[in-house]
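Single-structure report; data block below.
The values are calculated or read from the model by the stated rules, or taken from the named source; none is laboratory data. What you see is a predicted model, and the numbers here were worked out from it, not measured in a lab. We place every Cβ from the backbone using ideal geometry, glycine too, and count neighbours over all the protein chains shown.
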Amino acid sequence: MSLPNILFVYGQGGLGRALPGQDHVSGIMFTNSSLPSGFSSSNRINKIFSVQDAVALGIDNLYSDETKSTATVTVTNKGVAGDVVTLKYTDYAGVVVTLCSYTLVTADITSTTTSATAIKNAINLNTNVHGFTANSSSAVVTITCKVGEGIYPNSGTPYALTLSSGATFAATLVQNVVAGVASKRAVESYHVSEFFRIQPKGVLYVAYYDTYSASNLELIRDYADGKIGQMGVMNDLSTSFATSQVTALQTVATSSQALYKPFSILYAPEISGTSTLTSLSDLTGLASKNVSVVISQDGNAKGYKLYKTVGKSISDLGAKLGAVAYSKVNESIAWVGNLNMSDTTELDVVAFSNGVIYNSTTQSTLDVISGYGYVFLRKLVGIAGSYNTPAYTCTLPSSDYHFVQNNRTIDKATRVVRTSLLPELSSPIALNSDGTMKDTTVAFLESQAGLNLAQMVRDGELSAYEVTINPSQNVLTSNTLVVAIQLLPIGVADFITVNIGFTTSL
């Protein structure tokens, strides 16, 4: 029998080191003229491996680029000792925060100025609890909102001033004196962290540009030497969605394929002003096989807060991009047993990018927008969590490339076939006396073309493949070798039909 001891079991994967290969290599593009500290006008792209890398580059959720809203309380009657002054604020989530509930004392009521000073001090006494700060000048108290409320206090009446019964203290409360400006950096940090939450071993190229342009994707693509397999594109928060944005992105994807640098694009548009989801445009006729449009977002946690305080579509772009990077090229991100998008908090309540909650949306509406080719989150009866709809692309359902996994599979196949055939470029082709290619030459080239495809089959990314070379083709005249490759993909069980019923015997 072994002696009592303390044993250590060494874990693996805690550092989030990147996986081998490049199927998980991703990119994301943000539009923001205010660059994080690790970026500059001559250094707009950085490669990161973790949330910590992002924070080190200045992509954080500290809201340093936010302009906080202010309100004022102007004291018009100093009041008397015993008057109770209560100031409250109702935040984006409907939570009522008490800034102060202060009882004036004799020293406070010398003048309106001293009363204002007392109110200011009472607010600041609890700053560490509620996050608001105040200052005063003469009879005016200026209240600065807590971090992260963004544009929320700019409309309505979030502040409330109440007095105890019979109080003679009087003041005028003015809402939204300085309008709040939301933090873009917090949104960017959110998507980066969500990417790594879903795919902790991913590689992410993060890019910033002052103005939005689909052509900027070319710069990210080339910076990464064409290794990016999927690209996330965040709307610029100011331009409403139009289908022309999709076709512009496809133009870049098409030209990238011609350069042997293919990638899929996930686009998160601005649809906060679209109250009726069925009024969105049908995407299936756009002939944009490399572009998918994402219109879901969180409905109760961080993403929800950003939506309420930014006032624009936030989406779940980072998580969706992570889902694609996490999945093998042949796998649908809708695979329920493989990808629960919720961590029981984030994305647990599902919403659309216009703020509409999934569970309040009719099935007919869901069917329409799914038929239009949009990608979103859904809830399923009988299983906890949140799950993706199939990753449609902006093409007709009859297209071979109607799903992201079809594009990723054939993109990988073209990459690996090109890699195996590149050494044979401009190589000699031995011929028989009748001008046909020798059997040994044909066999060798077919073997080379299929070398990495065989690995895809072993990895479960293809069901089978066939490479054929016609030995009778006229290589001498054309200097061109034609190789025919047929791929048998892996199927996806988007629908499962169960025939069930009673019987009199078994």
Could you tell me whether any residue of the range 421-429 is in contact (Cβ under 8 Å) with a residue 24 or more places away in the chain, of a type outside the set (Phe, Trp, Tyr) and farther than 22 Å from Pro262 by Cβ? yes
Pick out, from the range 120-203, the strands (runs of 3 or more DSSP E) lying fully within it that include 1 or more residues that are free of Cβ contacts under 8 Å to residues at least 12 places away in the same chain. 133-137
Only one residue in Thr393, Thr414 is surrounded by fewer than 18 Cβ atoms within 10 Å (Cβ to Cβ) and within 23 Å of Gly229 (Cβ to Cβ). Which one? Thr414
Among the residues of the range 372-395, count how many are more than 21 Å from Ser279 (Cα to Cα) and of a type in the set (S, T, N, Q). 2
Considering every residue within the range 157-177, establish whether at least one is small (Gly, Ala, Ser) and under 24 Å from Gln297 (Cβ atoms). no
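Looking at the range 67-90, which of its residues are over 18 Å from Val177 (Cβ atoms) and not hydroxyl-bearing (Ser, Thr, Tyr)?
Asn77, Lys78, Gly79, Val80, Ala81, Gly82, Asp83, Val84, Val85
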Residue list for the range 217-258, filter: under 18 Å from the mean Cα position of the chain (by Cα) and part of a helix (DSSP H, G or I): Leu217, Ile220, Gln245, Val246, Leu249
Residue set Leu249, Leu266; condition in contact with a Lys or Arg (Cβ under 7 Å, 6 or more places away or on another chain) and either among the β-branched types (Val, Ile, Thr) or crowded, with 21+ Cβ neighbours inside 10 Å (or both); output residue Leu266
Among the residues of the range 468-491, are any in contact (Cβ under 8 Å) with a residue 12 or more places away in the chain, more than 25 Å from Leu422 (Cβ to Cβ), of a type outside the set (Gly, Ala, Ser) and surrounded by 11 or more Cβ atoms within 10 Å (Cβ to Cβ)? yes
Looking at Lys302, Lys289, can you tell me which residue is at pLDDT 95 or above, among the basic types (Lys, Arg), buried (at least 23 other Cβ atoms within 10 Å of the Cβ) and in the same structural domain as Thr365 (by TED's automatic domain parsing)? Lys289
Quick one: which of Val105, Val140, Val147 is of a type in the set (A, V, I, L, M, F, W, C), within 17 Å of Val178 (Cβ to Cβ) and more than 40 Å from the chain's Cα centre (by Cα)? Val140
Filtered residue count, the range 40-56, keeping only those that are among the hydrophobic types (A, V, I, L, M, F, W, C) and surrounded by fewer than 19 Cβ atoms within 10 Å (Cβ to Cβ): 4
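Could you tell me which residue of the range 405-451 is nearest to the chain's Cα centre (by Cα), considering only residues that are hydroxyl-bearing (Ser, Thr, Tyr) and closer than 30 Å to Asp494 by Cβ?
Among those residues, the one meeting the criterion is Thr409.
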Residue in the range 310-319 that is surrounded by fewer than 24 Cβ atoms within 10 Å (Cβ to Cβ), in a helix (DSSP H, G or I) and modelled with pLDDT of 95 or more present: yes
Any chance you could count how many residues in the range 364-403 are in contact (Cβ under 8 Å) with a residue 40 or more places away in the chain and on the phi > 0 side of the Ramachandran plot? 2
Return only the number of the condition from (1) in a helix (DSSP H, G or I); (2) within 24 Å of Leu462 (Cβ to Cβ) that Glu331 does not satisfy. (1)
Which of the residues belonging to the range 84-104 are touching a helix residue (DSSP H, G or I) at 6+ places or on another chain (Cβ under 8 Å) and over 18 Å from Ala134 (Cα atoms)? Tyr92, Ala93
For residues that are crowded, with 20+ Cβ neighbours inside 10 Å and not small (Gly, Ala, Ser), tally how many sit in the range 192-202. 6
Pick from the range 207-216 the residues that are touching a residue at least 40 places away in the same chain (Cβ under 8 Å) and assigned to a loop (DSSP other than H, G, I, E, B): which of them is nearest to Ser272 (Cα to Cα)? Tyr212
Take Ala93 and tell me if it is modelled with pLDDT under 95, assigned by TED's automatic domain parsing to the domain that holds Ile143 and either within 20 Å of Tyr152 (Cβ to Cβ) or surrounded by fewer than 19 Cβ atoms within 10 Å (Cβ to Cβ) (or both). yes
